[in-house]
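Below: the structure, in structure tokens.
FYI, it's all coordinate maths here, none of it is from the lab. Nothing here was measured: the structure is a model prediction, and the numbers come from that model. No Cβ is skipped: glycine too gets one built from the backbone with ideal geometry, and neighbour counts run over all protein chains shown.
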Amino acid sequence: MQTLNNSTTTFLLMGFPGLEKMYIWFSVPLFAMYIVAVAGNSLILWVVKSETVLHQPMYYFLSMLAMTDLGLSFSTLPTMLTIYLLGQREVEVNACLAQLFFIHTFSVMESSVLLSMAFDRFVAICNPLRYTTILPSSRVAGLGFAIVVRSVGLHLPAPIMLKKLPYCHTGQLSHSYCLHPDVMKLACVDTHINSAYGLFVVLSTLGMDSMLIVASYMLILHAVLTIASQAERLKALNTCVSHICAVLLFYTPMIGLSMIHRFGKQASPSIRALLSYLHFLMPPMLNPIVYTIKTKQIRQKIFHFFQSNGSRMRVGQEH
């Protein structure tokens, strides 16, 4: 089998196999999902910035989550739309490596932000009198900087290591965007070092973050159960509902996708594609919706924004 030069190699991306004639129709809901994700997360950022009452640690972390969701959406958007809208499946290797770097980086950022939000809820419920002392704005900014450094630093070697590999397979990837394990399996040399590196990154980020989030909620639940009043217990737990939904939206499809890759070798490629879309596309779209529904201040500000715009439009039409 002839080895191809990295500088001229292109990979073939995968959509829903067997449904190529319907791709133009798939592009409509996909594009709508991206519009909702970008608009929703942009609105969250605008509301938090403009509403001084929301200048609190919880909403700073929510802003980080919105920025991460925007980054994740823009990372997957180029190849998704070229496949379903233009029918173009080829992606040049350098563009592919750049995309996988950003996708994995923003995925770990999202996991890190969700962990920070769990810590925020733990402090707010278990030590409310010292909440602002433990989490001042400077510390929140420091956590944000650490999240960026951690995510970028851990994933910077990935495209460099993959760039050095020779590829001699057909170049058929399993998803509509480039992912590290997917590209690595196309190399025609031993990839144990790359595989060990990838496993280390996953365990030290997504694996560790998920365990710490579970541990945080065990401590939160223990603290809530010590509250005498049932109404106060429900009020405390209600402040965690939005975050729990965000955690489930992010981790559940990821776990399902990992299980299929590990144990479901005979699973349909369409099932893998669907789970990957749920993992990468649904959280950016649904997170702002969940937080808008559950957060009174954000909901009121957005309602006031649309109400004001509607009034201005009516005034303009009358004149």
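Annotations
- Eligible lysines near Lys301 by straight Cα distance, threshold 25 Å, same-chain separation 8 or greater: Lys49, Lys235
- The calculated Kirkwood hydrodynamic radius for the stretch 142-216 is 14.1 Å, given to one decimal from all distinct C-alpha pairs.
- Taking a straight line from the alpha carbon of Lys164, these lysines sit under 27 Å away, with near neighbours fewer than eight places off in the same chain left out: Lys185.
- When the helices of the chain are scored as -39500 (n - 2.57) per DSSP H run of n ≥ 4 and the total is divided over every residue, the value at 222 nm lands at -25000 deg cm²/dmol.
- Highest-fluctuation residue, His55, His192, His180 considered, GNM on the chain with Cα pairs under 10 Å: His192
- Structure-derived semi-axes √(5λ) of the Cα gyration tensor in Å - corresponding label in (i) 39, 22, 17; (ii) 38, 26, 17; (iii) 25, 24, 22: (ii)
- Extension gain for Gln230-Phe74 works out to 51.8 nm (0.36 nm per residue, less the C-alpha to C-alpha distance).
- Ascending count of other beta-carbon atoms within 10 Å, so fewest first, for Cys96, Cys188, Cys245: Cys188, Cys245, Cys96
- Here, the stretch 134-285 has an Rg and a Dmax of 19.8, 66 Å when only alpha carbons are counted.
- Compactness of the stretch 13-100 was expressed as the Cα radius of gyration divided by 2.2 N^0.38 Å, which yields 1.39.
- Candidate membrane-span-like segments in the chain, meaning DSSP H helices with Cα atoms spread over at least 18 Å of their own axis and a Kyte-Doolittle mean of 1.6 or above, are 208-225, with no membrane implied.
- Theoretical FRET efficiency, 1/(1+(r/R0)^6), r = Cβ-Cβ of Lys164 and Ser258, R0 30 Å, to 0.05: 0.70
- Distance between the modelled labels on Glu92 and Phe303, one decimal in nanometres: 5.1 nm (7 Å Cα→Cβ projection).
- For the stretch 162-202, the mean projected area of the C-alpha convex hull, equal to one quarter of the hull surface, is 3.0 nm².
- Top positive-direction residue, dipole computed over the chain with Cβ charges, set Met22, Ser276, Met211: Met211
- GNM result for the chain, Cα springs below 10 Å: residue of Ile260, Ile134, Ile227 fluctuating most strongly: Ile227
- Length gained when the stretch Leu12-His222 is fully extended (0.36 nm per residue, less Cα-Cα span): 70.6 nm
- Counting other Cβ atoms within 10 Å as a rough exposure proxy, the listed residues Met211, Met161 run Met211, Met161 from fewest neighbours to most.
- Rg over Rh, two decimals, the stretch 220-303 (C-alpha only, Kirkwood Rh): 1.15
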